Structure formats: C-alpha cells, structure tokens
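What follows is a set of notes on a single structure, which appears directly below.
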Amino acid sequence: MALMWEEGGKEHMDDKFLRDTAFNLFAGGRDTITSALTWFFWLTASHPSVEAKILEEIKQEKEANKQLYLRASLCEALRLYPPISLDRKQAIKYNVLPSGHEVSPNPMILLSLYAMGKHEAIWGKHCLEFKPERWISERGHIIHVPSNKFFSFNAGPRTCLGKDLSFIQMKIMASSILWNYDVHVVEDHPISPTFSIALRMKHGLKVRIRRRG
C-alpha cells in the first residue's frame, strides 16, 4: 500500500511518505503510551476491585475492541494522569471563541491537562477518585466525552491521528500483562509525578511481578 495521486494524467506513488507517516504513528506514541501504562498499572494495583473486573472481562472477551471496562479504566487513568500534562495554544490571528471571548495573536494560553482532570467543576465531586464506571452508560456502552473536556488526545481538527491506534496498543499490553501476571507495587515506594513533556513517575514504578497460577 502506498500514497497515490494523479498529476499530468499519470499516477504517482510515494512509499516514503507512507512509511514516514506510519513510523510517526508508532514512534510518536512511544513515550506517551509508556507514561499512560505506568500510571494505569499503579492505579489497577491500588484498586483490586477494578483489576478483578478487568480480568473477568478479559476472560469473557478476548477481542480488544469488545473490552469496554478495560477501555474505561484506561480513559480514567488518562484523565487523572494525562501523558502530556501541559499544552500551549496561541492564535495566529485575531479571533472570537464560541464562548464570546476575544483572542489576539499575541497572548499564549497554557492548558494544564493535569489540573483539568482533577477539577470538580469539570468532573464532579468524585473527580479525584479512580472510577472507570464513570465512562460506562447504564446500557453498557462507552460514554462519549467531548474532546474539550477529555483533552488527552487534543481536540477538534488537532485531535491526535493515532488515538485509536494508541488505545489498541494499550489494550493489548494491559490485557496481556494483567492476564498473565500479578502486579504488586513495592510497599512504601514513593509515587509522585515529575512534570516534564511526558508525565512520568518521579521515582519510577517499582513492582513485584508474579506469574498467575
């Protein structure tokens, strides 16, 4: 498969463009997926009831796209600990936002995704709790949350092109590890974020791994 276009009545193919695009989709998500999964494993290890529900779902549904509770758990981890914790926006020309706010091209707007994910006005009074159920409707479907609220993959025309691919990768890694191994965080190991481009754990995640019987 390659990119094709028509010019002067002739078809052209560009394998290099397709290769570079595919590479960007995988390499671009390397650090962000690593960050997301680190926080996810810490959260599930700290919430045995969530881990038990994920394992029960994996037992019943082997296909990644049908594992709704696992996706909800990943979304909840991304909400609390977004891999990119800070985003910068700047208008290239004067504009008026839908809210009526005027924006000039000079000011720089900094968005703290880390703070937004823990803001009661956005996520309600249980905003600090790890509750995958908030992503599942009464009918058992994933609740669609607007991208300007759940900002981990950016929003609007700048939404991450690798969003769906990222969820597939995270689901495969998370289900494979949780199904085969019991993950225990080392007692008294300090957990705190270090604020860099990617939201990493300051001291890493120290765990003991035991194969499930």
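The values are calculated or read from the model by the stated rules, or taken from the named source; none is laboratory data. Worth saying up front: this structure is predicted, and the values here are computed from it rather than measured. Don't worry about glycine lacking a Cβ; one is built from the backbone with ideal geometry, like all the others, and counts go over all protein chains shown.
Going residue by residue through segment 135-142, is there one that turns out to be among the polar types (S, T, N, Q), modelled with pLDDT of 95 or more and either loosely packed, with under 12 Cβ neighbours inside 10 Å or outside any helix (DSSP H, G or I) (or both)? Checking segment 135-142: at least one residue is among the polar types (S, T, N, Q), modelled with pLDDT of 95 or more and either loosely packed, with under 12 Cβ neighbours inside 10 Å or outside any helix (DSSP H, G or I) (or both).
Going by the conditions given, is residue 30 among the charged types (D, E, K, R), farther than 19 Å from residue 208 by Cα and crowded, with 18+ Cβ neighbours inside 10 Å? In short, no. The set of residues in segment 143-188 that are among the hydrophobic types (A, V, I, L, M, F, W, C) and not in a helix (DSSP H, G or I) comprises 143, 145, 150, 151, 153, 155, 160, 161, 183, 185, 186.
In this structure, is residue 211 at pLDDT 95 or above and within 20 Å of residue 45 (Cα to Cα)? Here the answer is yes, as residue 211 does meet what is asked. In segment 13-33, the residues that are farther than 21 Å from residue 152 by Cα form Cβ pairs under 6 Å with partners that are modelled with pLDDT under 75, at six or more places apart or across chains, as follows: 13/2; 13/4; 14/3; 15/2; 17/3; 18/2; 18/3.
Does residue 51 satisfy being at pLDDT 95 or above, at negative phi and among the charged types (D, E, K, R)?
Details: at pLDDT 95 or above: yes; at negative phi: yes; among the charged types (D, E, K, R): yes.
Spelling it out, residue 51 is indeed at pLDDT 95 or above, at negative phi and among the charged types (D, E, K, R).
As a summary of the residue check, residue 160 satisfies the conditions (1) modelled with pLDDT of 90 or more; (2) surrounded by 14 or more Cβ atoms within 10 Å (Cβ to Cβ); (3) of a type outside the set (Gly, Ala, Ser); (4) touching a Gly at 6+ places or on another chain (Cβ under 9 Å) except for the one numbered (1).
Going through (1) without any contact (Cβ under 8 Å) to a residue 24 or more places away in the chain; (2) on the phi < 0 side of the Ramachandran plot one by one, residue 165 falls short only on (1). Picking from residues in segment 45-83 that are of a type outside the set (Asp, Glu) and not in a helix (DSSP H, G or I), the one that is surrounded by the fewest Cβ atoms within 10 Å (Cβ to Cβ) is 62.
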